[in-house]
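The values are calculated or read from the model by the stated rules, or taken from the named source; none is laboratory data. Nothing here was measured: the structure is a model prediction, and the numbers come from that model. Please note: Cβ atoms are built from the backbone with ideal geometry, for glycine as well, and neighbour counts cover all protein chains shown.
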Amino acid sequence: MRQLIEAEVTEICGPKGKHDRNRKAVRHGTEHGRVVLGGREARLERPRCRTLDGQEVQLQTYSMFQRQDMLTMAAMERILYGLSTRRYTHGLEPIDSGIETVGISKSAISRRFIAGTRQALAELLVRPLDRERFLVLMIDGVVVAEHTVVAALGIDAGGKKHMLGLWEGATENKAVCQALLANLLERGLRVEEGILVVIDGSWALAAAVKDAFGNRAFIQRCRVHKKRNVMEHLPKNEQAWVARKLDDAWHNTNPDRALETLRALATRLEKPYPGAAASLREGMDDTLTVNRLGLPEKLCLSLGSTNIIESANDRARTICRNVKRWQNGEQVLRWTAAAYLEAEKGFRRLKGYRELVILDEAMRRELFPTLSMAVQGA
């Protein structure tokens with residue numbers, strides 16, 4: 001590092017100790033400085049240069065080694081993956097023991113992590129959404145320290161997954177969901193040409209989506225949640241055949257026959273297990289949205305449940321377990337935002353993404369039937 005900085009000084013001022021009447025700057029001693037080295041700050045005597053008229057010359061090499069964003073990024077990654085502020089030094093790269101280091105105390109690392117997670121939260125809350133066409137929106141909540149964080153994940157026309165935003169509340173109620181959706185619309189989320197919204201069995205989410213998006217939203221209830229809710233009302237010896245009936249209906253490419261199968265199953269369960277029948281009937285039609293849109297089997301499997309965003313929620317839960325004592329909702333939001341952005345780094349394209357054009361065309365056909373007929377006639 002010292003050699004690189006000295007090389008830049010030589011390039012600016014010329015070789016040391018040699019007279020050069022054409023030089024435009026001269027050496028001007030040294031001063032105390034700090035650089036980022038091995039995940040910590042290290043003290044360094046840095047050389048100074050001045051132009052012939054007395055103006056300080058900024059050394060680009062030194063400025064690069066001073067970048068604090070790398071230090072904050074390193075602190076965030078280490079703490080998110082379980083390294084505590086007390087033991088932070090155990091995760092640092094070894095350096096020469098003769099180099100004096102600073103900025104690795106518990107309080108200093110804590111301040112860096114707070115600053116980094118605040119930046120992550122701000123980034124997630126202000127991301128512009130008008131640059132992409134999102135065909136799919138998945139919404140689900142995760143409970144952290146008695147706070148419910150409702151998160152939104154979008155899938156663009158190319159099958160890439162993006163974390164779009166989050167909102168905090170005491171429960172996954174309609175007001176919290178409406179606030180999240182309003183925030184997405186303010187940032188440019190486009191729904192005029194239709195959007196498939198995949199949610200769990202929460203009536204609050206369904207109501208909020210209908211209020212925010214109107215008929216532009218095609219709501220798909222999560223089949224995994226639906227099956228789980230129905231099974232909770234059944235004894236174990238009855239669960240297997242009911243699960244098979246549900247799967248047979250959801251795999252039926254004819255949505256009308258699939259609906260008849262589900263209704264017949266609910267009628268059959270009515271007397272012996274009224275709770276299971278009521279759970280099945282609630283939002284039953286919305287479990288067949290992907291069938292009505294005529295999506296291929298692979299897309300039906302991918303978009304028929306909230307499993308995609310559930311994996312991001314699991315990542316958030318795992319990371320947030322590292323916190324032993326929560327202070328407030330702002331801390332919960334900071335940690336979950338950082339966890340979601342970390343999970344986003346590992347997102348892969350949607351399985352069957354090449355067939356998303358079928359979803360796009362199906363939604364346009366439902367929303368603009370007259371235009372679709374005109375195009376077909378042409």
- Note on the structure: When every residue in the stretch 192-203 that is in contact with a strand residue (DSSP E or B) (Cβ under 7 Å, 6 or more places away or on another chain) and in a loop (DSSP other than H, G, I, E, B) is compared, the one modelled with the lowest pLDDT is GLY201
- Quick one: count up the residues across the stretch 44-80 that are without any contact (Cβ under 8 Å) to a residue 40 or more places away in the chain, among the hydroxyl-bearing types (Ser, Thr, Tyr) and farther than 30 Å from ALA337 by Cβ. 1
- Message: Name the single residue that is nearest to VAL126 (Cα to Cα) among those in the stretch 337-354 being in contact with a Gly (Cβ under 9 Å, 6 or more places away or on another chain) and not in a loop (DSSP other than H, G, I, E, B).
- Response: ALA338
- Candidates THR72, THR85, THR89, THR117, filtered to the one that is modelled with pLDDT under 70, out of contact with any Pro (no Cβ under 6 Å at 6 or more places or on another chain) and part of a helix (DSSP H, G or I): THR89
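Here is a yes/no grid of residues against (1) surrounded by fewer than 15 Cβ atoms within 10 Å (Cβ to Cβ); (2) modelled with pLDDT of 90 or more; (3) touching a helix residue (DSSP H, G or I) at 6+ places or on another chain (Cβ under 7 Å):
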residue	(1), (2), (3)
VAL35	no, no, yes
GLY39	no, no, yes
ALA42	no, no, no
ARG48	no, yes, no
GLY54	yes, no, no
TYR62	no, no, yes
PHE65	no, no, no
- Message: As an exercise: evaluate GLN327 against (1) polar (S, T, N, Q); (2) farther than 19 Å from PHE113 by Cβ; (3) exposed (fewer than 15 other Cβ atoms within 10 Å of the Cβ) and give the number of the one condition it does not meet.
- Response: (2)
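Conditions (1) under 30 Å from LYS245 (Cα atoms); (2) in contact with a Phe, Trp or Tyr (Cβ under 9 Å, 6 or more places away or on another chain); (3) exposed (fewer than 15 other Cβ atoms within 10 Å of the Cβ); (4) β-branched (Val, Ile, Thr), marked per residue:
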| site | (1), (2), (3), (4) |
| --- | --- |
| VAL150 | no, yes, no, yes |
| MET163 | no, yes, no, no |
| LEU196 | yes, yes, no, no |
| CYS222 | yes, no, no, no |
- Task: Filter the stretch 143-177 down to residues that are closer than 24 Å to VAL323 by Cα and either in a strand (DSSP E or B) or outside the structural domain of LEU299 (by TED's automatic domain parsing) (or both), then give me how many there are.
- Result: 14
- Message: Return the residues of the stretch 300-324 that are closer than 22 Å to GLY194 by Cα and part of a helix (DSSP H, G or I); say none if nothing qualifies.
- Response: CYS300, LEU301, SER302, LEU303, ASN307, ILE308, ILE309
- Here is a list of conditions, (1) in contact (Cβ under 8 Å) with a residue 24 or more places away in the chain; (2) among the hydrophobic types (A, V, I, L, M, F, W, C); (3) in contact with an Asp or Glu (Cβ under 9 Å, 6 or more places away or on another chain), and VAL143 meets all of them except one; can you say which number that is? (1)
- Message: So, LEU180, is that one outside the structural domain of THR306 (by TED's automatic domain parsing) and modelled with pLDDT under 95 or not?
- Response: no
- Message: Anything in the stretch 219-255 that is of a type in the set (Lys, Arg) and closer than 30 Å to ALA362 by Cα? List them, or say none.
- Response: ARG221, ARG223, LYS226, LYS227, ARG228, ARG244, LYS245
- Query: Filter the stretch 309-318 for residues that are in contact (Cβ under 8 Å) with a residue 40 or more places away in the chain and surrounded by fewer than 21 Cβ atoms within 10 Å (Cβ to Cβ); which is nearest to the chain's Cα centre (by Cα)?
  - Reply: GLU310
